[in-house]
Every structure is written in structure tokens, then in C-alpha cells.
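K.L.:
Below is a structure I'd like to ask you about.
The values are calculated or read from the model by the stated rules, or taken from the named source; none is laboratory data. Bear in mind the structure is a predicted one, so any value in this text is a computation, not a measurement. Backbone-built Cβ (ideal geometry, glycine too); neighbour counts: all protein chains shown.
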């Protein structure tokens with residue numbers, strides 16, 4: 001029992017997630033950010049190319065037209081080159097700004113705004129070569145290697161198909177006028193980049209989902225850990241809300257699993273619903289396999305109707321079963337008579353029409 005309570009099978013609590021976030025442990029796919037930036041680079045280049053090209057053309061024309069009027073010296077040449085580079089950067093600035101904005105928002109979309117000083121603090125254990133070798137030969141490293149191989153194969157294959165499509169154009173582009181040939185080559189390059197970025201983005205979405213799954217899996221908790229945390233944080237509204245949602249989720253999963261196999265459902269009819277199962281020679285007495293109150297009761301009745309499980313309206317019995325018997329337990333002897341009478345009617349008439357009140 002102690003061993004099973006230490007198995008980490010439960011989803012992390014909000015507190016556990018918050019503590020991990022403070023340490024900089026978040027689910028972040030670098031591939032997703034890189035794919036969006038690559039795709040944005042293609043779009044930004046297509047959008048701002050006329051502006052950048054015209055600016056750089058005018059700049060180069062001006063420098064060539066006035067180069068002989070400059071008083072070139074060894075000391076002035078670096079300043080002229082710096083001025084030229086600054087002008088070029090200004091023409092390319094919209095593309096750089098667009099890429100930085102996409103990279104920023106791609107990260108924010110995944111992890112939100114995060115400042116974790118612990119990440120940048122120096123740690124001695126990071127310098128341990130044994131730990132480094134463990135990371136190199138870990139399962140995570142193998143997964144990353146397989147992902148890298150998959151990316152190369154998929155992106156390479158897609159790029160190959162695009163190059164194959166444009167190959168006839170590229171073969172004759174160098175025999176055409178410089179302007180036309182350059183334009184056709186540039187179009188082919190952009191097509192390859194766009195297709196590769198699109199394929200990379202599809203893989204990156206899968207990587208993002210995998211990173212989130214692995215992140216939650218790595219933070220899973222043992223039942224005893226949750227109990228200990230609850231004792232420490234009892235009264236915390238956030239923890240209480242999470243526990244309530246978790247309990248409801250567990251109850252709903254049990255209802256979906258057990259109600260279709262139930263013998264009958266006893267209802268209040270509004271407040272309570274209890275599913276019973278009895279198999280002659282298998283169960284000693286009828287078992288309470290699922291129960292619910294309020295919305296859960298209505299969900300239980302709905303699932304019973306979908307699977308043609310008889311619904312019996314008996315308020316006193318439903319209330320007694322709900323309050324006295326835990327899920328998975330047999331009904332007490334004092335309720336045998338009431339349950340047996342209902343089951344006798346069901347077996348005698350073989351009336352299995354769900355939703356009909358008996």
C-alpha cells in the first residue's frame with residue numbers, strides 16, 4: 001500500500017506548477033518559436049522587400065555617383081563604411097523588428113511573461129561531468145535525436161519537392177536578362193523557404209504538444225504528496241478549487257466507465273442518482289458502482305439513458321444509498337429488501353427501457 005501511494009500517478013497541483021514556474025521549469029518548444037520566426041522571415045521579406053530594395057538601390061547609386069567627390073583617406077574610410085552599413089541596417093530594420101516581435105510573442109504565447117532568477121544563478125552541480133554524461137545518454141536525449149532526424153527528413157523532403165518543381169526554371173534562369181533571372185531564382189528560394197517553414201511549423205506544433213505532455217508527466221505527484229500538500233495549504237481557495245475539480249473529474253470518469261455496465265440506476269429524481277450492479281454468482285450483494293449529486297446526478301442519468309440502463313425513481317432509497325454506501329461497496333443488509341423488490345420487477349418483466357420510471 002505504501003509503495004502504491006508513492007507512485008507518481010496524479011496530475012500536479014496548482015501549487016506544484018507554480019513552484020516549478022518560479023524555478024523556470026515551463027513547457028516551451030524552441031522548435032515552435034523557430035518555425036514561426038522562419039515563416040515570419042519569408043512573409044516579412046515579401047512584405048518589405050520593395051522598401052528595402054529601393055532604399056539600398058538608391059543608396060548604392062548615390063555612393064557610386066559621389067565616390068570620386070569624397071576625400072578618401074585611411075582614417076575616413078572606416079567612417080564611410082560605417083555610414084553605409086547603418087543606412088543598410090535602417091532599410092532592413094522593419095524585417096528585423098518583425099522577426100523579434102514574432103519571437104517574443106511566440107514565447108509569451110507558450111509560457112506567458114516569466115522572470116525566474118533561479119535559472120541564471122550559478123549551480124555547482126551543473127559542472128559535474130557525471131551529471132553531464134547522464135543527460136547525454138538519457139531517454140530525453142534519444143527523443144531529441146529522433147526528433148532532429150524527423151525534422152531533417154520531413155523538411156528536406158518537402159524542400160526537395162519544391163526544388164524539383166522549380167528546377168526547369170532555375171536551369172535557364174542564368175541565360176536570361178540579369179533582372180529577370182535574379183527574380184526567378186529569388187522566387188524559387190522563397191518558395192523553398194516557405195514550404196520548409198510550413199513543414200517545420202507542423203512538426204513544431206507536435207513538438208509543442210509533446211513538450212507540454214512531458215512537462216506535466218515530469219511533475220506528476222504521488223497521492224501521499226497531494227495529501228501532504230493539502231495539509232500544508234488547507235484553506236487555500238486555489239488548492240480547494242483544484243481538489244474539487246479533480247474530485248469531480250474522477251467521479252465523472254467513473255460514471256462514464258461503470259454506468260454502462262450497471263444493472264439499474266436509482267434516482268431522487270433530481271438531487272441524487274446511484275448506479276447499482278448485481279451479477280448472480282459474481283457479486284455477493286448489489287454494488288454501488290457510481291453515484292452523483294446535482295449536475296453529476298443528471299450526467300449519470302443521461303449516460304444511463306444512452307446505454308439503456310433502467311432508471312428507477314425511488315427518493316428514500318436513492319438518498320439512503322447515496323449517504324450510506326461508498327462507491328465500490330456492497331449495499332447494507334437493511335437496504336436488501338428495497339433493492340431486491342425493484343430488481344425482482346426488472347428481472348420479472350425484463351423491462352430494460354431506459355428513462356421509464358418504474
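K.L.:
On the basis of being exposed (fewer than 15 other Cβ atoms within 10 Å of the Cβ), out of contact with any helix residue (DSSP H, G or I) (no Cβ under 8 Å at 6 or more places or on another chain) and modelled with pLDDT of 90 or more, does residue 136 make the cut?
P.N.:
no
K.L.:
Kindly indicate which of 303, 250 is touching a helix residue (DSSP H, G or I) at 6+ places or on another chain (Cβ under 7 Å) and either in a helix (DSSP H, G or I) or modelled with pLDDT of 90 or more (or both).
P.N.:
None of the other options fit; the residue is 303.
K.L.:
Is region 186-198 home to any residue that is over 31 Å from the mean Cα position of the chain (by Cα) and at pLDDT below 80?
P.N.:
Yes - at least one qualifying residue is present in region 186-198.
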